[in-house]
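The values are calculated or read from the model by the stated rules, or taken from the named source; none is laboratory data. In this text the structure is predicted, and so the values were computed from the model without any measurement. Ideal geometry is used to build each Cβ from the backbone, glycine not excepted, and the neighbour counts take in all protein chains shown.
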Amino acid sequence: MSATARSLRIGTLVAAVLTGSAAPAVGQLPDPWVVPRGALRVSFEPSYLNFDEWFDAAGDRLPLGAYLSADTLGVGLLPTLAPAEAAVRAISGDATFRFNAGAFRARLDADIRRFPFSVALGLSSRLTFTATVPLVTTRVQGAATLDTTDADAGVNLASSLGRAGARDSIVALFAELDAAAAALESGIASGSFGCPSGPTCDQARALLDRVRTLRSDLSTLAGIPGLTTGDGSSPAPPFAPLAASAAGQAVTQAIADVSAELTTLGLTALANGYALPTAPSSAASVDGILAGGDFGYGLGPLSPAETVKLSGLGDIEVGLRYALAQGPRLRAVLGLLARLPTGKRDDPGNLLDLATGDRQPDVMVSLDAALEPGARLGMWLGASYTLQLPDRLSRRVTPADQPIALPASEAIVDRNLGDILRVSLHPTLRLTPTFRAFVSAFYSRKGADQYSVSGQPVTALDTLTAMETWGFGAGLWYRADRGRRGPALPLEAGLAYDAAFFGNGGTTPKIGRLGFSLRLYYRLWGGSVPAPAGTAN
């Protein structure tokens, strides 16, 4: 896939997933009831969300790992290769050279397991207080492959991943080039080589420039701290050209040409060559590059030995619900909810972990309604708008086409996640006085996120963060609010599945969601239970 289609990181893909309370809870219809006055409702509504695909800006489905994959593994995923790539171009004279370590594929599968414990207290016949404490476990299973059929690069042997002795021979070559440069400079200054005006002197001066340039380019290619032309602080490039490749042969020939010219001037030939890899890299080597100290990325592996998991509190929610209508044919409840920043954020140094919550405050307004003009058929609907408020957090600031970034790019950013609108329709069929079967159709839209550092917009993090999703589902809902002696406190339970069938915006996850709901009611104060609304006699 093209680089511009890749996303920032897996956390960006689920910016709207963890605010799932903006929709009706999985396993239930929209909730067009309030809790009776003086009653306490205790709810347990676990859900399982899974996704291994996402929709791109055009609405096409792509594997979740596509944003960390590349047809040619090189600068696009590993930006520290750029200086080494420029050095190889200078040595070989090939301005089109690009590192290609092979076709790299990251396969990811993610799921979110929510275990929300909720209470609702009937403050009056129309007003209910609600609170939800979600326990959340997020998991990402990752595996990577590298097809080296067309590769022309392998692991940089000057790094810690190189074979024994390779680094020493490269260091020895640099020492010889330094000695050759010193001998040429001294000879030119002392009048050797026919200097200052003879043709051999011009040859010596040109050779001195070539030795210094070659030494500089090879140092950039090696990236050995303390031996580079700079301060030695730059991370080592992960790859070098394969010895048998055109670029590798050009590097070897450039060293041989300098060595031969040194001998024509009566100087010592170079005894060492530059150690180039003879075999392509591997997926395991890529993980070593991401985690290795030489390369500077400071990231976790893309093929972890164990599933990457985060567990903890999600974002706690508190709210009020007010009954606008509670008749047998029409019921409607207006809700106001505040989401608190209690979740656990993901680690900027891990490309695969998922947060347990957004950990920033939200305010949501919702409307749940049910229209049941007859005894069997009904139309229920849910609508909500979530205002996501600004917060501040640490992020690696990187363009959308470079999802892998160095720790130096990490900054404290001001974030304002896009607001979320969600609308759902649920045609229902009453099978018995207590059982309803339903199908669901939903639409959700999340606006683009906004990031800034010290008041300056960071558009690199805003890219591809708007989302639109259309989906469908079905389920069963049970509600019994009559006992043998008449009206009674309800008992509710449900089972449902829904899935996103289409999306766009750039990084919209294709989520499947399965959930169960159980609600138990207890009388705390007050007298008799009022006649239930919306149930058959």
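Checking each residue in the stretch 457-484 for being closer than 16 Å to Thr432 by Cβ and charged (D, E, K, R) picks out Arg479, Asp481, Arg482. Of the residues making up the stretch 151-169, those that are more than 30 Å from Asp71 (Cβ to Cβ) and either more than 49 Å from the chain's Cα centre (by Cα) or buried (at least 18 other Cβ atoms within 10 Å of the Cβ) (or both) number 1. From the list Gly198, Gly187, exactly one residue is modelled with pLDDT under 90 and in the same structural domain as Ala256 (by TED's automatic domain parsing). Which is it? Being modelled with pLDDT under 90 and in the same structural domain as Ala256 (by TED's automatic domain parsing) holds for just one of Gly198, Gly187, which is Gly198.
No other residue among Gly378, Gly374 is buried (at least 20 other Cβ atoms within 10 Å of the Cβ), farther than 15 Å from Val458 by Cβ and assigned by TED's automatic domain parsing to the domain that holds Leu324 apart from Gly378. Whether a residue is in a loop (DSSP other than H, G, I, E, B), more than 30 Å from Ala70 (Cβ to Cβ) and touching a Ser or Thr at 6+ places or on another chain (Cβ under 9 Å) was assessed, and Pro427 does not pass this test. Kindly evaluate Arg415 against the criterion of being modelled with pLDDT of 90 or more, surrounded by 15 or more Cβ atoms within 10 Å (Cβ to Cβ), among the basic types (Lys, Arg) and part of a strand (DSSP E or B). Against the criterion (modelled with pLDDT of 90 or more, surrounded by 15 or more Cβ atoms within 10 Å (Cβ to Cβ), among the basic types (Lys, Arg) and part of a strand (DSSP E or B)), Arg415 qualifies. Taking each residue of the stretch 344-364 that is in the same structural domain as Leu108 (by TED's automatic domain parsing) and under 18 Å from Ala411 (Cα atoms) and looking for partners that are part of a loop (DSSP other than H, G, I, E, B) and among the small types (Gly, Ala, Ser) with beta-carbon atoms closer than 6 Å, six or more apart or interchain, yields Arg345/Ala355; Asp346/Ala355; Gly349/Gly298; Asn350/Gly300; Arg359/Gly343.
Looking only at residues in the stretch 251-275 that are of a type outside the set (Phe, Trp, Tyr) and under 39 Å from the mean Cα position of the chain (by Cα), the one that is surrounded by the most Cβ atoms within 10 Å (Cβ to Cβ) is Val251. Say we look at the stretch 102-111 and pick out the residues that are in a strand (DSSP E or B) and more than 14 Å from the chain's Cα centre (by Cα); which of these is nearest to Leu518 (Cα to Cα)? Taking the candidates together, the pick is Arg105.
Search the stretch 478-527 for residues being small (Gly, Ala, Ser) and assigned to a loop (DSSP other than H, G, I, E, B), and hand back the single one that is modelled with the highest pLDDT. The residue in question is Gly505.
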